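Only one structure is covered here, and it is reproduced in the block below.
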Amino acid sequence: MDVYGLIGNPVGHSLSPPMHEAGYDELGIDARYVTFEPEDAAAAIRAAADLDVAGLNVTIPFKQDVLDVVDPDATAERVGAVNTVDFSGDHPTGHNTDVAGVRRSFAHHDFDLEGATAVQVGAGGAGRAIAFALADAGATVHVANRTASNAHDLAADVPGATGHELDAVPELLADADVLANATSVGMEEDESPIAPEPLHDDLVVFDAVYSPLETRLLRDAAAAGARTIDGGWMLLYQGVAAFERWTGRDAPVDAMNAALRDHLA
Ligand code: NAP
């Protein structure tokens, strides 16, 4: 039996175990996916290598710490965070499948980011992955954030991106094709990071928040006639990309999505 897992803290409510195990069951792979809350992420990676763990996902607060004990690929290095470790080689390699998760979420919804203008609110950990994903796929990215200096810092790292205060969002949205929410607003409370007025029906609105799936931002966007992509898609496709890297097989996306959505409101 192969063992896969997740390290982070907290991981008690993670949806990765049911999502990945639905994939193993669908393909008849003899594997289990377990969660760990180690004290020390670097020690956990070394121990996992010793114990022949086949693959690990990494979440908050360890996504940066792990960079030092794996060989990061170019994407993980540029984003500055690892969420997937592969132990199949001589030395563990680090990857960032959040970036692929965003790209594949838009592809799933038949939206081509090449040449698009994207406004992103939020510049934290998820925001870094989202901004690189949008830019790598050919979009021009305008990042706005409550703490404007964080938007400027992120924009300085992302090719062609610009940084802004949150107040700039309504004007930026007038000519935009995409709005991405990378803040945590909408998760704890029924609030949106932006007012509904500037939303329009030429927008695709992507929300990283997945709990709840139907955020206030997505409700406002739908009411304005915009297309919406909820945070469950990024969560699904980062898992799909990790699954495919580890197993070398096409992931059973529908089965993994069904398991995930069974656990999401
Ligand atoms: P983070 O690193 O803590 O960043 C939080 C971001 O939200 C920062 O830009 C912060 O702005 C902004 N923010 C927080 N409260 C705000 C408020 N009241 N008004 C305006 N902006 C506010 O968190 P994260 O890891 O990036 O996660 C962000 C969200 O993405 C969470 O809901 C998380 O669950 C979700 N997420 C989803 C996926 C997925 O697969 N769907 C993956 C990762 C994360 P400041 O810089 O001003 O503090």
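No lab work stands behind these numbers, since they all come straight from the coordinates. The shown structure was predicted, so the numbers you read here are calculated from the model rather than taken from an experiment. Backbone-built Cβ (ideal geometry, glycine too); neighbour counts: all protein chains shown.
Here the average projected area of the convex hull drawn through the C-alpha atoms of the chain stands at 13.2 nm². By definition, a body whose alpha carbon gyration tensor gives a ≥ b ≥ c is rounded when a/c is under 1.5, and the stretch 100-229 falls into this rounded group.
When the chain is treated as a GNM with alpha-carbon contacts under 10 Å, the residue of V69, V119, V209 showing the greatest mean-square fluctuation is V69. By the count of other C-beta atoms within 10 Å, a proxy for reagent exposure, H91, H164 are ordered fewest to most as H91, H164.
Normalised by the number of residues in the chain, the average gap of Cα pairs under 8 Å and 6 or more apart makes the relative contact order 17 percent. Taking the C-alpha atoms only, the angle from helix 148-157 to the longest principal axis of the chain is near 60 degrees.
Rounded to the nearest 20, the size of the Cβ-charge dipole of the chain about its Cα centre is 60 debye, with Lys and Arg at +1 and Asp and Glu at -1.
Once the Cα atoms are used to define both axes, helix 41-50 deviates from the longest principal axis of the chain by about 40 degrees.
Take the alpha-carbon centre of the stretch 15-45, take the same for the stretch 192-265, and report the distance between them in whole Å. What the calculation gives is 22 Å, centre to centre.
Relative to the longest principal axis of the Cα atoms of the chain, the long axis of helix 253-263 makes an angle of roughly 80 degrees. Mean separation of Cα pairs under 8 Å and 6 or more residues apart, divided by the residue count, gives the stretch 100-229 a relative contact order of 21 percent.
In the elastic network of the chain, a GNM with C-alpha springs shorter than 10 Å, the most mobile of P72, P193, P61 is P61. Residues M1, M234, arranged from fewest to most other Cβ atoms within 10 angstrom of their Cβ, appear as M1, M234. For T75, neighbours were defined as the other residues whose beta-carbon sits under 14 Å from its Cβ, and their charges (Lys and Arg +1, Asp and Glu -1) total -1. Among R227, R249, R32, the largest mean-square fluctuation in a Gaussian network model of the chain, built with springs joining Cα atoms closer than 10 Å, belongs to R249.
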